[in-house]
Amino acid sequence: MAILDKWTLDFISSSVVQTERLGVRLGELLHSQDVICLSGELGAGKTALARGIGRGWGTSLRVTSPTFTLVNEYPRLHDGRTLYHIDCYRLESALDISTVGFEDVLDGFGAVMIEWPERIEALLPQDCLWVQLAYLNETRRSLRFVARGERSAALLEAFKRSAFGV
C-alpha cells in the first residue's frame, strides 16, 4: 500500500475476495450523495469492488453490473436508503444518461457508484472518489483511489483507517 498524499492511495489486491473486502470497508463508510467512480478496462475488478461496496452499504441484494439496464438500485435494510449503481459502458454519449434521471439520482438521498465514469465525466459532481482499477494478472489488480474534493478526501481518510489502520 502506498499513501501518496491526502488525496491518493495505491493498493495491489491479490484476489477477488480481497477486492470485495476492500469494497465492504468502503461501502460501510458511504453517506448519501457520495459518488464513487469505478474506472478500468473489462476484467479490471470493477464489479468485484462494487459487490463489496453493496455489502458494506447494507443491501441484502446481490450486486451485479447493470450493463443492460444502466442503473440498478440497492436499498439498505436498516433505513431504506438506496445505493445506485450506474454502468455507462453502453452509452453512446453523455447525453444518454439524462434519460434515466441522472440528476435526480445525484441529488437524492442515496449514494452512487458509477462504472465507466469517464464516459460522463463532464456531468459528474466535482467532489467524487475515483477508483482506477487495472488488471495485473489472473489474481492481482491494481487500485488507485483519488479523492476529488473535501468530502471524498474525508471518505478516503476514513477508508485508509478502516481498511489498513493508517
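The values are calculated or read from the model by the stated rules, or taken from the named source; none is laboratory data. What you see is a predicted model, and the numbers here were worked out from it, not measured in a lab. A quick note on method: Cβ atoms are made from the backbone with ideal geometry, for glycine too, and the neighbour counts reach across all protein chains shown.
Looking only at region 146-166, how many residues end up being touching a helix residue (DSSP H, G or I) at 6+ places or on another chain (Cβ under 6 Å) and of a type in the set (Phe, Trp, Tyr)?
Within region 146-166, residues that are touching a helix residue (DSSP H, G or I) at 6+ places or on another chain (Cβ under 6 Å) and of a type in the set (Phe, Trp, Tyr) number 1.
For every residue, the table says whether it meets (1) buried (at least 18 other Cβ atoms within 10 Å of the Cβ); (2) farther than 22 Å from Gly80 by Cα; (3) under 13 Å from the mean Cα position of the chain (by Cα); (4) not charged (D, E, K, R).
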position	(1), (2), (3), (4)
Lys6	no, yes, no, no
Asp10	no, yes, no, no
Ser14	no, yes, no, yes
Leu26	yes, no, yes, yes
Asp34	yes, no, yes, no
Ala50	yes, no, yes, yes
Arg55	yes, no, yes, no
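Quick one: which residue in Arg62, Arg90 is more than 15 Å from the chain's Cα centre (by Cα), outside any helix (DSSP H, G or I), surrounded by fewer than 16 Cβ atoms within 10 Å (Cβ to Cβ) and without any contact (Cβ under 8 Å) to a residue 12 or more places away in the chain? Talk me through it step by step, then tell me what you get.
Values: Arg90 fails: without any contact (Cβ under 8 Å) to a residue 12 or more places away in the chain.
Exactly one residue qualifies, and that residue is Arg62.
Which residue is farthest from Asp5 (Cα to Cα), if the candidates are limited to region 133-145 and must be of a type in the set (A, V, I, L, M) and surrounded by fewer than 19 Cβ atoms within 10 Å (Cβ to Cβ)?
So the first thing to find is which residues in region 133-145 are of a type in the set (A, V, I, L, M), and the list is 133-134, 136, 143.
Filter again for surrounded by fewer than 19 Cβ atoms within 10 Å (Cβ to Cβ), leaving 134, 136.
Numbers: Ala134: 20, Leu136: 23 Å.
So the residue we want is Leu136.
Name every residue in region 101-127 that is crowded, with 21+ Cβ neighbours inside 10 Å, within 25 Å of His78 (Cα to Cα) and touching a Lys or Arg at 6+ places or on another chain (Cβ under 7 Å), in order of residue number.
Of everything in region 101-127, just one residue is crowded, with 21+ Cβ neighbours inside 10 Å, within 25 Å of His78 (Cα to Cα) and touching a Lys or Arg at 6+ places or on another chain (Cβ under 7 Å), namely Gly110.
In this structure, does Ala154 turn out to be crowded, with 20+ Cβ neighbours inside 10 Å, of a type in the set (Gly, Ala, Ser) and over 18 Å from Gly43 (Cα atoms)? Break it down stepwise before answering.
Values: crowded, with 20+ Cβ neighbours inside 10 Å: no; of a type in the set (Gly, Ala, Ser): yes; over 18 Å from Gly43 (Cα atoms): yes.
No: the conditions fail for Ala154.
I'd like the full set of residues that are part of a helix (DSSP H, G or I) and within 18 Å of Ala158 (Cβ to Cβ), limited to region 1-53.
Arg21, Leu22, Gly23, Val24, Arg25, Leu26, Gly27, Glu28, Leu29, Leu49, Gly52, Ile53
Could you please find all residues in region 65-87 being outside any strand (DSSP E or B) and among the acidic types (Asp, Glu)? First the steps, then the outcome.
Here is the first cut: in region 65-87, the ones outside any strand (DSSP E or B) are 65-70, 77-81.
Listed by number, the list holds a single entry, Asp79.
Is it the case, given these coordinates, that Ser98 is among the polar types (S, T, N, Q) and either at pLDDT 95 or above or closer than 24 Å to Glu28 by Cα (or both)?
Values: among the polar types (S, T, N, Q): yes; either at pLDDT 95 or above or closer than 24 Å to Glu28 by Cα (or both): no.
Against the criterion (among the polar types (S, T, N, Q) and either at pLDDT 95 or above or closer than 24 Å to Glu28 by Cα (or both)), Ser98 does not qualify.
Could you check Asn72 against (1) farther than 24 Å from Ser162 by Cα; (2) surrounded by fewer than 17 Cβ atoms within 10 Å (Cβ to Cβ) and say which number it fails?
(2)
Go through region 138-162 and count every residue that is within 13 Å of Asp34 (Cβ to Cβ), in a strand (DSSP E or B) and of a type in the set (D, E, K, R).
Matching residues across region 138-162 total 1.
Filter region 102-137 for residues that are of a type in the set (Phe, Trp, Tyr) and outside any loop (DSSP other than H, G, I, E, B); which is nearest to the chain's Cα centre (by Cα)?
Of region 102-137, the ones of a type in the set (Phe, Trp, Tyr) are 102, 109, 116, 130, 135.
From the residues that got through so far, the ones that are outside any loop (DSSP other than H, G, I, E, B) too are 102, 130, 135.
Working: Phe102: 16, Trp130: 7, Tyr135: 17 Å.
Across region 102-137, the extreme among qualifying residues is Trp130.
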